[in-house]
Amino acid sequence: MQEIKVELTKHPKEKPQDQSKLGFGTIFTDHMFIMNYDKGQGWHDARIVPYGPLSLDPAAMCLHYGQEVFEGMKAYKAADGRVLLFRPDKNMARLNVSNERLCIPLIDEDFCVKAIEKLVSVDKDWIPTAEGTSLYIRPFIIGVDPHVGVHPASHLLFIVICSPVGAYYPEGLNPVRIYVEQNYVRAVRGGMGFTKTAGNYAASLKAQDEAEKQNYTQVLWLDGVERKYIEEVGTMNVFFVIDNEIITPSLQGSILSGITRMSSIELLRSWGYKVTERQLSIEEVAKAADEGRLNEAFGTGTAAVISPIGELKWGDKVMPINNGEIGPISQKLYDNLTGIQWGRLEDTHGWTVEVK
Ligand SMILES: *Cc1c(COP(=O)(O)O)cnc(C)c1O
């Protein structure tokens, strides 16, 4: 394994005073991790350095053609002082899935988990401790060849930055209102929907903007071909509880394989619930809502963990869900996932990794 050099900052920044006002992704810690890739040399020069601006050639390829991938994960400070990561191996495995799709050289997953542990350890005093807060970790890779031409980069940077965060949605665990998008699509099978790459989010901005103008928090995407099947919500996977079945769209190449999704399915099944991964049409959901069989809906993702859905709007049809309140399954999942993540509950699945 490569050695990781550490250069500590000589100008530590002031840490946020009021942890109840952290918001999401606006404050960054004192250090970042960087490693270079050069064709013929592989990934090299792994280092932790003071957080600061990058110097990029204006012709750097990522600025023109979007050859970029990223991940999103968190470090949590337990009440007993332990610092925990949640399934970091899954994030690095998914990063390599994204890398493969975007012609980015694969990373050494074990080494990158170690690098993240080291960075979090260096900046561990930045991990907030107030209820619901954590340190959001954003690994990303960009192609930086100074070349205006569409082809895979030969020179890349792998960077990890960290941000102390509070709740992702100002609503917190209160149910969000979701707008079913019928004009725009996010991704299609054969595209990049199963990867975390910048272009997918650029494609989503317009719909998100229009949903917000109508006072909705996020959009629910339908499939790009038939505009019929439910895909995911903004940056979350989505689950529906209809009768006694918990349904989430199957992974068919256009949605992200969320680690919170995967963990939720494993927990729900371990509790004896029937969880089905299958195609689910918006008509089926609307019918269940009309017949009083749509009991709960919720999004899952690292940023918000579990986000209950209190209302869906599809065209002119407004579907209130569980009277706009959080349902028992959403609450149980939230309590158990966050319980494991913050070290309050015993981690019987071996999902957490302690950062020393
Ligand atoms: C990150 C993300 C998710 C959630 O994945 P997690 O691993 O649970 O954080 C779902 N959908 C999209 C589009 C995402 O970007």
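Some points to look at:
- Residue list for the range 43-55, restricted to those being more than 20 Å from ILE107 (Cβ to Cβ) and either among the basic types (Lys, Arg) or surrounded by fewer than 14 Cβ atoms within 10 Å (Cβ to Cβ) (or both): GLY52, PRO53, SER55
- Within the set TYR179, TYR229, TYR201, TYR184, the sole residue that is among the aromatic types (Phe, Trp, Tyr), more than 9 Å from the ligand (Cβ to nearest atom) and surrounded by fewer than 20 Cβ atoms within 10 Å (Cβ to Cβ) turns out to be TYR184.
- Scope the range 192-231; condition basic (Lys, Arg) and farther than 22 Å from MET61 by Cα; matching residues: LYS206, LYS213, ARG227, LYS228
- Residues of the range 98-112 that are in a helix (DSSP H, G or I) and crowded, with 17+ Cβ neighbours inside 10 Å: SER98, ASN99, GLU109, CYS112.
- For the range 42-54, the condition of being of a type in the set (Asp, Glu) and at negative phi holds for none of the residues.
- Any hit, the range 151-167, residues being within 16 Å of the ligand (Cβ to nearest atom) and assigned to a loop (DSSP other than H, G, I, E, B): yes
- Cβ pairs under 9 Å, 6+ apart, first in the range 22-41 and within 23 Å of GLN67 (Cβ to Cβ) and surrounded by fewer than 16 Cβ atoms within 10 Å (Cβ to Cβ), second hydrophobic (A, V, I, L, M, F, W, C) and modelled with pLDDT of 95 or more: GLY25/VAL165; ASP38/LEU156; LYS39/ALA153
- Taking the listed residues ASP30, ASP38, the one that is farther than 17 Å from ASP125 by Cβ and among the charged types (D, E, K, R) is ASP38, with no other qualifying.
- Residue that is surrounded by the fewest Cβ atoms within 10 Å (Cβ to Cβ) [pool: residues in the range 56-97 that are of a type in the set (Asp, Glu) and either at pLDDT 95 or above or over 30 Å from THR348 (Cα atoms) (or both)]: ASP57
- Condition met for VAL120 (surrounded by fewer than 23 Cβ atoms within 10 Å (Cβ to Cβ) and either closer than 29 Å to GLY199 by Cβ or under 21 Å from the mean Cα position of the chain (by Cα) (or both)): no
- Screening the candidates ILE259, ILE265, ILE246, ILE282 for the property of being crowded, with 20+ Cβ neighbours inside 10 Å, over 16 Å from LEU312 (Cβ atoms) and touching a Phe, Trp or Tyr at 6+ places or on another chain (Cβ under 7 Å) yields one hit, ILE246.
- Residue in the range 128-147 that is surrounded by fewer than 17 Cβ atoms within 10 Å (Cβ to Cβ) and outside any loop (DSSP other than H, G, I, E, B) present: yes
- A count restricted to the range 314-337 and to residues that are within 21 Å of the chain's Cα centre (by Cα) and surrounded by fewer than 19 Cβ atoms within 10 Å (Cβ to Cβ) stands at 3.
- Each residue in the range 67-84 was checked for being touching a Ser or Thr at 6+ places or on another chain (Cβ under 7 Å) and farther than 13 Å from LEU156 by Cβ, and 7 of them qualify.
- Taking the listed residues VAL185, VAL219, VAL241, VAL225, the one that is in contact with an Asp or Glu (Cβ under 8 Å, 6 or more places away or on another chain), part of a loop (DSSP other than H, G, I, E, B) and among the aliphatic types (A, V, I, L, M) is VAL185, with no other qualifying.
- Residue in the range 88-108 that is within 19 Å of the chain's Cα centre (by Cα) and at positive phi present: no
The values are calculated or read from the model by the stated rules, or taken from the named source; none is laboratory data. Bear in mind the structure is a predicted one, so any value in this text is a computation, not a measurement. Positions of Cβ are generated from backbone atoms using ideal geometry, with glycine treated the same way; all protein chains shown enter the neighbour counts.
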